[in-house]
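See structure below.
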Amino acid sequence: MPEAPSRDRLFEAALWLGLGVAFSPVLLELVGHWRAHPWARVSLVFPGLALEALRRGAVGASRSTSRSTSRPILVLGLGLAIGLELVAISGDALRLGRLAFVLGAVALGIGLGRAGWVRALVLVWIVPLPSTLLELASPALEGAWGRLVAAGLPGLEAIVARDGRIALAAGEARLPLEAPDGGLALAFALAGLGWYRAARRDLGGRAALQSALRAAGLFVPIQLGIVALAGALLVGGGARPAGFVLAQAGWLSVGLLAVHAAWPGPVPSRSTGPRRATLATDRGGAA
């Protein structure tokens, strides 16, 4: 009987490989999006986090029972994902195909008995927040950060450009604030980290949602700090270092927080009752 687990692993590997091949145009477009837009790189950490969540979700689980009850999810989810991808490709809308890939990956994770739906939904954050959603809060959101920072830093002012957007100014140096500088993409990624921390502890969907909302709120001090640091650099060193901080600090911050969220440590027992899981207050790691 030892051949069965090996055949199961080969079957799973073949399905995951097939998913990657089927969605290779979508994944290549996503990689190009990461390269072209630094703000989108906040989602770079989630493939690894999702893999860890799925891998640990299968430990100790009854795989045969999970598969028998989840097979309809696998068939229906993959069917819908492939159909949506075909629509996206034929309509020259590859970004719509990102949602199809997430749907297929979640269905595969649940359908194979690899994890429950709470752990599988970590895959949602592989895809960054669409830029159209960032524009909904622009220029009001990034403008608010710019005005707050300019009010507190001597030598810095917030000016309104012709298109209505805000730019930070220090002497002749200018630092335009764009829609991604509002921090909504950062908030979305932080919500994913909060969901992940609760999911890897198997605290349930309600606790995961609460943890995600609390973590998302951290974007306010983080984004304000990023804009403040960029403003200080603009006053002291010019637009180039300020622009670098504004573009890169968000996803680098998410990377550091992801390391903290995934840091190994003792696994809390579910019998001890629910445990609050936040990025800000939970200092003990989890396996």
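The values are calculated or read from the model by the stated rules, or taken from the named source; none is laboratory data. Small disclaimer: the values here were computed from a predicted structure and weren't measured. Neighbour counts run over all protein chains shown; Cβ positions are idealised from the backbone, glycine included.
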Discussion item. Regarding the range 148-158, can at least one residue be identified that is surrounded by fewer than 19 Cβ atoms within 10 Å (Cβ to Cβ), at positive phi and not hydroxyl-bearing (Ser, Thr, Tyr)?
Written reply: yes
Item to complete: Would you be able to tell me the number of residues in the range 239-252 that are surrounded by 15 or more Cβ atoms within 10 Å (Cβ to Cβ) and more than 11 Å from Leu229 (Cβ to Cβ)?
Response: 5
Worksheet item: Which of the following residues is part of a helix (DSSP H, G or I), under 26 Å from Arg197 (Cα atoms), modelled with pLDDT of 80 or more and not assigned by TED's automatic domain parsing to the domain that holds Val245: Ala107, Ala81, Ala14?
Response: Ala107
Discussion item. Taking the criterion of being part of a helix (DSSP H, G or I), modelled with pLDDT of 90 or more and surrounded by fewer than 18 Cβ atoms within 10 Å (Cβ to Cβ), would at least one residue in the range 44-63 satisfy it?
Written reply: yes
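For every residue, the table says whether it meets (1) assigned to a helix (DSSP H, G or I); (2) touching a helix residue (DSSP H, G or I) at 6+ places or on another chain (Cβ under 9 Å); (3) modelled with pLDDT of 80 or more; (4) within 30 Å of Gly182 (Cβ to Cβ).
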{"position": "Gly20", "(1), (2), (3), (4)": "yes, yes, yes, no"}
{"position": "Glu29", "(1), (2), (3), (4)": "yes, yes, yes, yes"}
{"position": "Arg67", "(1), (2), (3), (4)": "yes, yes, no, no"}
{"position": "Arg71", "(1), (2), (3), (4)": "yes, yes, no, no"}
{"position": "Val75", "(1), (2), (3), (4)": "yes, yes, no, no"}
Discussion item. Can you say whether Arg214 is out of contact with any Ser or Thr (no Cβ under 9 Å at 6 or more places or on another chain), assigned to a helix (DSSP H, G or I) and among the basic types (Lys, Arg), as far as the supplied structure shows?
Written reply: no
Discussion item. Which count do you get for residues in the range 17-55 that are assigned by TED's automatic domain parsing to the domain that holds Leu78 and among the polar types (S, T, N, Q)?
Written reply: 1
Worksheet item: Is there a residue in the range 174-182 that is under 21 Å from Ile126 (Cα atoms) and not in a helix (DSSP H, G or I)?
Response: no
Discussion item. Where the second residue is among the β-branched types (Val, Ile, Thr) and part of a helix (DSSP H, G or I) and the first is under 13 Å from Val127 (Cβ atoms) and lies in the range 77-96, which pairs have Cβ atoms under 8 Å and are six or more apart or on separate chains?
Written reply: Ala88/Val26; Leu94/Val26; Leu96/Val87
